[in-house]
Amino acid sequence: FKADSDVSALRNGLRTETEMPEVVQAVIHNCRLLKESTAGAFDPWAIPDGVDFSGYVKGWAADLIANMLVEKGFANVAVNAGGDVAVRGLQAEQTPWKIGIRNPHVSDEVVAVVQSSHAAIATSGTYERGLHLHNPNSGSADVAMDAVTVVGPDGGQADAYATALLIAGTDGVEWFKGMPEWSGMLIKGEEVWKFGPAFA
């Protein structure tokens with residue numbers, strides 16, 4: 001969102017996608033794949049001011065930083081990028097990382113705990129920032145769920161899937177058929193839907 005950033009130049013029509021740095025082009029490519037795999041529920045281009053990749057890059061950045069720390073010799077790492085978490089290694093001896101999932105209706109209550117030694121955990125909801133997403137299908141800020149947490153092997157994808165499921169609701173779980181490494185928890189009012197090994 002910096003006025004002089006590459007993405008701002010793209011958003012304002014000052015530069016084209018092919019003129020973006022390689023890392024930005026990779027983000028754009030991955031976002032296009034995610035738009036397709038979520039039937040358009042995740043669509044960084046469906047906003048009034050051009051494009052917004054923030055539904056992907058927080059989780060992507062958390063993963064990137066966690067991997068950099070491991071490469072530097074830190075075996076046990078947890079990176080929290082505004083609620084998108086990447087973990088590697090152990091929290092304590094013989095104990096995987098334990099990540100609590102907040103109740104969207106009660107701020108000091110944990111509704112589930114994810115345990116992993118290598119995963120990305122991304123949560124999307126309206127309880128922190130209100131209705132801040134743009135629904136590509138309706139053009140409004142309406143969402144189907146109160147909160148969604150997605151757990152899987154890739155931070156950027158987890159972030160995007162959580163955003164898309166917040167918009168699409170339980171219909172979006174169809175995207176995960178044939179992807180056994182992915183898990184999710186969707187919350188609407190008092191109802192909770194869970195799928196995948198992280199929430200077994």
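The values are calculated or read from the model by the stated rules, or taken from the named source; none is laboratory data. None of these values were measured; they are calculated from a predicted model. With ideal geometry, Cβ positions are generated from the backbone for all residues, glycine too; neighbour counts draw on all protein chains shown. We work out accessible area using only protein heavy atoms, side chains counted, and drop any ligands, DNA or RNA first. Shrake-Rupley method; radii C 1.70, N 1.55, O 1.52, S 1.80 Å.
Computed values, structure above
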read-out	value
Matching residues, the range 157-174, being out of contact with any Ser or Thr (no Cβ under 6 Å at 6 or more places or on another chain) and not hydroxyl-bearing (Ser, Thr, Tyr)	157, 158, 159, 160, 165, 167, 168, 169, 171, 172, 173, 174
Residue 6 vs. criteria within 28 Å of residue 172 (Cα to Cα), open to solvent by 20 Å² or more (accessible area, probe 1.4 Å) and in contact with a Pro (Cβ under 9 Å, 6 or more places away or on another chain)	no
Wholly enclosed strands (runs of 3 or more DSSP E) of the range 1-120 bearing at least 1 residues under 18 Å from the mean Cα position of the chain (by Cα)	77-81, 84-88, 95-103, 106-116
Residue pairs meeting the criteria (Cβ under 7 Å; at least 6 apart or on separate chains; first acidic (Asp, Glu), in the range 16-33; second open to solvent by 50 Å² or more (accessible area, probe 1.4 Å))	17/25
Number of positions in the range 139-195 that are over 22 Å from residue 100 (Cα atoms), open to solvent by less than 40 Å² (accessible area, probe 1.4 Å) and not β-branched (Val, Ile, Thr)	6
Flag if residue 72 is in contact (Cβ under 8 Å) with a residue 40 or more places away in the chain and either closer than 17 Å to residue 159 by Cα or exposed (fewer than 14 other Cβ atoms within 10 Å of the Cβ) (or both)	no
Contacts under 6 angstrom Cβ, first residue in the range 180-200 being charged (D, E, K, R), partner at pLDDT below 95 and in a loop (DSSP other than H, G, I, E, B), 6 or more apart	188/145; 188/146
Cβ-Cβ under 7 Å pairs, at least 6 apart or on other chains, the range 42-63 side under 12 Å from residue 28 (Cβ atoms), far side acidic (Asp, Glu) and assigned to a loop (DSSP other than H, G, I, E, B)	44/52
Out of 86, 62, sole residue that is closer than 17 Å to residue 198 by Cα, open to solvent by less than 50 Å² (accessible area, probe 1.4 Å) and in contact with an Asp or Glu (Cβ under 9 Å, 6 or more places away or on another chain)	86
Failed criterion for residue 11 (all others in (1) closer than 27 Å to residue 119 by Cβ; (2) in contact with a Gly (Cβ under 6 Å, 6 or more places away or on another chain); (3) open to solvent by 30 Å² or more (accessible area, probe 1.4 Å) hold)	(1)
